[in-house]
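The values are calculated or read from the model by the stated rules, or taken from the named source; none is laboratory data. From a predicted model like this one, the values you see are computed outputs, not experimental measurements. Because the Cβ atoms are built from the backbone with ideal geometry, glycine has one as well, and the counts that use them run over all protein chains shown. Keep in mind that these areas ignore ligands, DNA and RNA; they rest on the heavy atoms of the full protein, side chains included. Shrake-Rupley method; radii C 1.70, N 1.55, O 1.52, S 1.80 Å.
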Amino acid sequence: MQAVELDKTYNPKEFEERIYREWKENGCFEPTLNGNPTFTMVMPPPNVTGILHMGHALNNLLQDILARYWRMKGRPTLWLPGTDHAGIATQNVVERELAKKGLSRHDLGREKFVEETWKVKERHHGVITKQLEKIGSSCDWSRERFTLDEGLSGAVREAFVTLYERGLIYKGNYLVNYCSHCGTALADDEVEYSNVAGRLYDIKYPFASKEGGITVATTRPETMFGDVAVAVNPSDERYKDLIGTTVILPLANKEIPIIGDSYVDIEFGTGFVKITPAHDPNDWEIGQRHNLPQVNILNPDGTLNENVPLAYQGMDVQTGRKAVVKDLEEGGYLISSKPHDHEVGHCYRCSTIIEPYLSEQWFVAMEGMAKKALEAWERGEINFYAKRWENTYSHWLKNIRPWCISRQLWWGHRIPVWYCHDCDAVMVERVDPTVCKKCGSTNIEQDSDVLDTWFSSWLWPFSTLGWPQKSDDMQNFFPTNTLVTGYDIIFFWVSRMIMASLEFLGEVPYRDIYITGLVRDKQGRKMSKSLGNGIDPLEVVDLYGADAMKFTLCYMAAQGQDILIDIESFKFGSRFANKVWNATRFLLMNIDGRKLLSLEEVELKVIDQWMYHQVNEAALKIEKAMESYRFNDAAQVIYDLFWSDFCDWYIEATKHNLTTDDEADKDRQVTIMLNLLDQLMRLMHPFASFITEEIYGKLPNTQGRLIEAPYVVYKADGCYEEAKEIVTAMQDVVHAVRALRSELQIPIERRLSVILRPNPNFKGSLFIEENQGLVAALIGADNFKIDYDAVESITSAVPVSGIGFEAFVFVQDVLDIAGEMKRITNELEKNRKALEGSLKKLSNAQFLANAKPEAIEKEEGKRLEFEEKIEKGESHLSLLASMKAQK
RNA sequence: GGGGGGUUAGCUCAGCGGGAGAGUCCCUGGUUUACACCCAGGUUGUCGUGGGUUCAAAUCCCUCACCCCCCA
């Protein structure tokens, strides 16, 4: 073989882009059926006009790890990517662009505007997909979908019509959340509540037929024009006699009744509540109970309408409020006004304050579907990771409300409902009608609203696979296996997908739902534009590489926990990648002129067996971690295996062993080393994909691409328990001597003389005897002897001990005997305490009677260990004491 | 008002019934056949508070305190 030269430092820019291109161009992301069960995930579709943020990065990196892992395990793996048309957000983007030219969407007209929006979509689309490629996502681009493409639009149409036919979709005049800025209704869960400092106004409403009046409290005085009653609690002794009388609405000069309703909290405010059914959900309910009219005081653009006195018409809510307060004050109706903080709903897209608004909208009745979704969970058909999210899921479903699905927008799936202007026909059709089905008139018109974006997203796990067609992909890949997403959309999306899947296909869309943590800054704050504390994933890739980002996030992704990071955090992954790179560089420097042997005929020595044992154990731990979605555990296993076992011990041993003159043995060692490197690359590939592929391609003992290579699986006959014990014993000796060297500040170039006295049952004896040169090198000794029979003189040597051995280190001028004695004394103290605890336990009859046998056995072992340590400590102490006396 | 989560080394967090851990920081010493993005070693903790269950509690149960979410 020839040496392979690697650059001195790890430079991901050299190869990441090239490798991604090779994977993609060679169809490595596309599944090939092979008889094994498939593994499928649909990517949560990012907003097509959005850009990748850390949350996306985390989410997609974890999916990539799963995809690569299962692909290497031999399952045909489909990770299906796509984007979301994001109705309000995208329309906002286009409207903002138009506004710069002084235009509104109405200037363009619907058709032109939608055309324009498609152009914007095309322009933005490449941005987010390119970003997903940059971070290494191994998703099948040949199957990429968009929520507004032809197939998915067909699925939306099918779903709408089917639900309508099943009587689950209806149109009604209800109170909805309305954003006057976006000009559309919003679903309950699209409203975000936050605390706002407002004022609480006490207003006097005079009695209609006598002197005096009552006082109502409100935070929104302008809504008084929508008042249709004032309510008191019928058990309120102060006021119950007033029920049935009337009061006058100031400024409007309108007479409204006082009614009794137990909703009113006697303790709160004045005990009187103004009832505004068209502008408050609670009042709406009361209005229903008492058959009250609904007076809407707002125009769709958020200004006050003709139902308020002329003076206020056309004002927006804030202006109207000021004017009303001023006039109330002047009229002597304002009794008081004091600061009052309360929770106010805001639009999740534009943060405008949401007004409850009475309007005609389309709804989906959710109760039945929610019940099925709840039952599927109760039957154990879906599992959340972490489990506690199941509370969120079930709580939501148990308190489900009708879903308002119409939006007064132009960008989206237009509602497939036609109205005939010549008769009253309402047509809900799979194919666009041209004439009225009832009267034959051509004077028909489609509903002008579009559907909530989530009405397409909730079909995502099957619409992307071809539903409602019975496609091959549906056959092969549905139901999918795992969904990875954030907890903020368990309501919006996850539970609705489950409901849709059960409703249309009769089964759940996936079994496992992994809920990622939120990526936050080091202060624990959400990353946001306004705080400017966000980290751009692309910047991380640029600085440290995609693997560094992936490995860092994976290492930190503890199940159910948020991730707190700053840009510096990614140095962790970068250091690891650099380590991997350099270890490889070293090994590949040493293969020059060597012959690659067949693995079958190669003899494994103890140290090799040990390394294979560690790899085998790691494979098992990773398997367990991956099956329970414990990404951080898997990453930690990889880290320790590569850095601690492979670099710190195996390569160090190799370094020494390669100094031999035995050419055949060098071939043997290099063969094993390369094989181990191959296996390590396979194990690490899901967690650090680019660097491992790059290295794999440079190894002389590999073929093909790593992404397609089989994963390392745990083999019961791959355990070398004895080698493990032996090497651990050797490591103990090395650790003990190194610690002493460091303690006494003996520089490495000062070679030591060391005498090792093992107990008869010490596991490392034979190995150390046969590898004296290696051990001597690891501890920096010139002179290293094993003294089984305790015959060598240890005069003037400093003692150290470990389990099953003592070692005596000869150092000429030990500077600080007293210090060393102090250290041993402290150690002794600790061990005596530990022994005391152990003995106490072992003499406790209750413990012996109740504890598991293993626990007792372990405690017994501990006792022996402590006794040995104490015994040695005492003897070492007296040894040092005599040394000190001699000085 | 209801629900969930958190509280472990200076910092970021694992561990979740049987000897308190990792990374980072800090300290000491190092031009080791790759790596200073490195090597060898070291210091650091009433495991938030107070109770309970248990032979045994950081770990299970309850109380309280503080912080963070979600829902009303």
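Would you point out the residue of the range A:776-808, among those that are within 26 Å of A:Trp610 (Cα to Cα) and assigned to a loop (DSSP other than H, G, I, E, B), that is most open to solvent (accessible area, probe 1.4 Å)?
A:Tyr788
Does any residue of the range A:730-748 turn out to be open to solvent by less than 10 Å² (accessible area, probe 1.4 Å), touching a Lys or Arg at 6+ places or on another chain (Cβ under 7 Å) and touching a residue at least 12 places away in the same chain (Cβ under 8 Å)?
No, because not a single residue in the range A:730-748 is open to solvent by less than 10 Å² (accessible area, probe 1.4 Å), touching a Lys or Arg at 6+ places or on another chain (Cβ under 7 Å) and touching a residue at least 12 places away in the same chain (Cβ under 8 Å).
Among strands (runs of 3 or more DSSP E) lying entirely in the range A:238-352, which contain 2 or more residues that are over 30 Å from A:Thr49 (Cβ atoms), open to solvent by 40 Å² or more (accessible area, probe 1.4 Å) and modelled with pLDDT under 80?
A:334-347
Give just the number: which of (1) under 26 Å from A:Glu617 (Cα atoms); (2) away from RNA strand B (no atom under 16 Å from the Cβ); (3) touching a Lys or Arg at 6+ places or on another chain (Cβ under 9 Å) does A:Ser753 not satisfy?
A:Ser753 satisfies every listed condition except (1).
Quick one: in the range A:625-646, which of the residues that are within 10 Å of RNA strand B (Cβ to nearest atom), of a type in the set (D, E, K, R) and part of a helix (DSSP H, G or I) is surrounded by the most Cβ atoms within 10 Å (Cβ to Cβ)?
For the range A:625-646, the residue satisfying everything is A:Asp633.
Do you know which of the residues in the range A:857-878 that are within 8 Å of RNA strand B (Cβ to nearest atom) and farther than 17 Å from A:Pro760 by Cβ is nearest to the chain's Cα centre (by Cα)?
The selected residue is A:Lys858.
Among the residues of the range A:683-691, is any surrounded by 21 or more Cβ atoms within 10 Å (Cβ to Cβ) and under 21 Å from A:Trp610 (Cα atoms)?
Yes, because at least one residue in the range A:683-691 is surrounded by 21 or more Cβ atoms within 10 Å (Cβ to Cβ) and under 21 Å from A:Trp610 (Cα atoms).
Considering only residues that are without any contact (Cβ under 8 Å) to a residue 40 or more places away in the chain and more than 9 Å from RNA strand B (Cβ to nearest atom), look in the range A:820-829 and name the one that is nearest to A:Glu874 (Cα to Cα).
For the range A:820-829, the residue satisfying everything is A:Glu829.
So the check is Cβ under 7 Å with 6+ separation or different chains; which pairs have a first residue in the range A:773-801 that's over 19 Å from A:Asp732 (Cβ atoms) and a second one that's open to solvent by 30 Å² or more (accessible area, probe 1.4 Å) and among the hydroxyl-bearing types (Ser, Thr, Tyr)?
Correct list of pairs: A:Asp782/A:Ser753; A:Asn783/A:Ser753.
Quick check: is even one residue across the range A:778-797 of a type in the set (Lys, Arg) and either in contact with a Lys or Arg (Cβ under 9 Å, 6 or more places away or on another chain) or modelled with pLDDT under 90 (or both)?
So far as the range A:778-797 goes, no, none of its residues is of a type in the set (Lys, Arg) and either in contact with a Lys or Arg (Cβ under 9 Å, 6 or more places away or on another chain) or modelled with pLDDT under 90 (or both).
Restricting attention to the range A:104-159, which residues are free of Cβ contacts under 8 Å to residues at least 40 places away in the same chain and in contact with a Leu (Cβ under 6 Å, 6 or more places away or on another chain)?
none
Being open to solvent by less than 10 Å² (accessible area, probe 1.4 Å), under 27 Å from A:Arg105 (Cα atoms) and among the hydrophobic types (A, V, I, L, M, F, W, C) is true for just one of A:Val42, A:Val48. Which residue is that?
So the residue among A:Val42, A:Val48 that is open to solvent by less than 10 Å² (accessible area, probe 1.4 Å), under 27 Å from A:Arg105 (Cα atoms) and among the hydrophobic types (A, V, I, L, M, F, W, C) is A:Val48.
Is it the case that A:Gly154 is closer than 19 Å to A:Thr90 by Cα, open to solvent by less than 40 Å² (accessible area, probe 1.4 Å) and among the small types (Gly, Ala, Ser)?
no
Does A:Trp396 satisfy the condition of being within 24 Å of the chain's Cα centre (by Cα) and farther than 30 Å from A:Lys112 by Cβ?
yes
Please determine, by comparing only the residues of the range A:647-682 that are of a type in the set (Ser, Thr, Tyr) and within 11 Å of RNA strand B (Cβ to nearest atom), which one is surrounded by the fewest Cβ atoms within 10 Å (Cβ to Cβ).
Filtering the range A:647-682 for residues that are of a type in the set (Ser, Thr, Tyr) and within 11 Å of RNA strand B (Cβ to nearest atom), the one surrounded by the fewest Cβ atoms within 10 Å (Cβ to Cβ) comes out as A:Thr659.
When you check A:Pro416 against the structure, is it open to solvent by 30 Å² or more (accessible area, probe 1.4 Å) and either modelled with pLDDT of 85 or more or within 16 Å of RNA strand B (Cβ to nearest atom) (or both), yes or no?
no
Which one is farthest from RNA strand B (Cβ to nearest atom) among residues in the range A:760-775 that are surrounded by fewer than 16 Cβ atoms within 10 Å (Cβ to Cβ) and farther than 21 Å from A:Phe810 by Cβ?
Per the criteria, the residue is A:Leu766.
Scan the range A:656-677 and report the pairs whose first residue is hydroxyl-bearing (Ser, Thr, Tyr) and whose second residue is not in a helix (DSSP H, G or I), with Cβ atoms within less than 9 Å and a gap of 6+ or a chain change.
A:Thr671/A:Arg594; A:Thr671/A:Lys595; A:Thr671/A:Leu596; A:Thr671/A:Leu597; A:Thr671/A:Ser598; A:Thr671/A:Val602; A:Thr671/A:Asn701
Could you check how many residues of the range A:379-409 are in contact with a Gly (Cβ under 7 Å, 6 or more places away or on another chain) and away from RNA strand B (no atom under 11 Å from the Cβ)?
3
State all residues of the range A:422-439 that are surrounded by 13 or more Cβ atoms within 10 Å (Cβ to Cβ) and either assigned to a strand (DSSP E or B) or out of contact with any helix residue (DSSP H, G or I) (no Cβ under 9 Å at 6 or more places or on another chain) (or both); if no residue qualifies, say none.
A:Asp422, A:Cys423, A:Ala425, A:Val426, A:Met427, A:Val428, A:Pro433, A:Val435, A:Cys436, A:Lys437, A:Lys438, A:Cys439
Could you tell me which numbered condition A:Pro76 fails, if it satisfies all but one of (1) in contact with a Leu (Cβ under 6 Å, 6 or more places away or on another chain); (2) at pLDDT 85 or above; (3) farther than 24 Å from A:Met684 by Cβ?
(3)
Under 8 Å between Cβ atoms, which residue pairs at least 6 apart in sequence (or on different chains) link something in the range A:384-407 that is small (Gly, Ala, Ser) with a partner that is open to solvent by 50 Å² or more (accessible area, probe 1.4 Å) and more than 8 Å from RNA strand B (Cβ to nearest atom)?
A:Ser394/A:Trp377
Mind checking which residues of the range A:69-92 are charged (D, E, K, R) and within 21 Å of A:Trp460 (Cα to Cα)?
A:Asp84
Does the range A:467-487 contain any residue that is small (Gly, Ala, Ser), open to solvent by less than 10 Å² (accessible area, probe 1.4 Å) and touching a helix residue (DSSP H, G or I) at 6+ places or on another chain (Cβ under 7 Å)?
no
Among (1) hydrophobic (A, V, I, L, M, F, W, C); (2) farther than 23 Å from A:Val344 by Cα; (3) in contact with a Gly (Cβ under 9 Å, 6 or more places away or on another chain), which single condition is A:Ala208 missing?
Result: A:Ala208 fails condition (3) only.
When the residues of the range A:488-515 are filtered to those that are part of a loop (DSSP other than H, G, I, E, B) and open to solvent by 20 Å² or more (accessible area, probe 1.4 Å), which remaining residue is farthest from RNA strand B (Cβ to nearest atom)?
Filtering first and then ranking leaves A:Gly506.
Among the residues of the range A:16-33, is there at least one that is over 20 Å from A:His125 (Cα atoms), open to solvent by 30 Å² or more (accessible area, probe 1.4 Å) and polar (S, T, N, Q)?
Yes, there is a match, as at least one residue in the range A:16-33 is over 20 Å from A:His125 (Cα atoms), open to solvent by 30 Å² or more (accessible area, probe 1.4 Å) and polar (S, T, N, Q).
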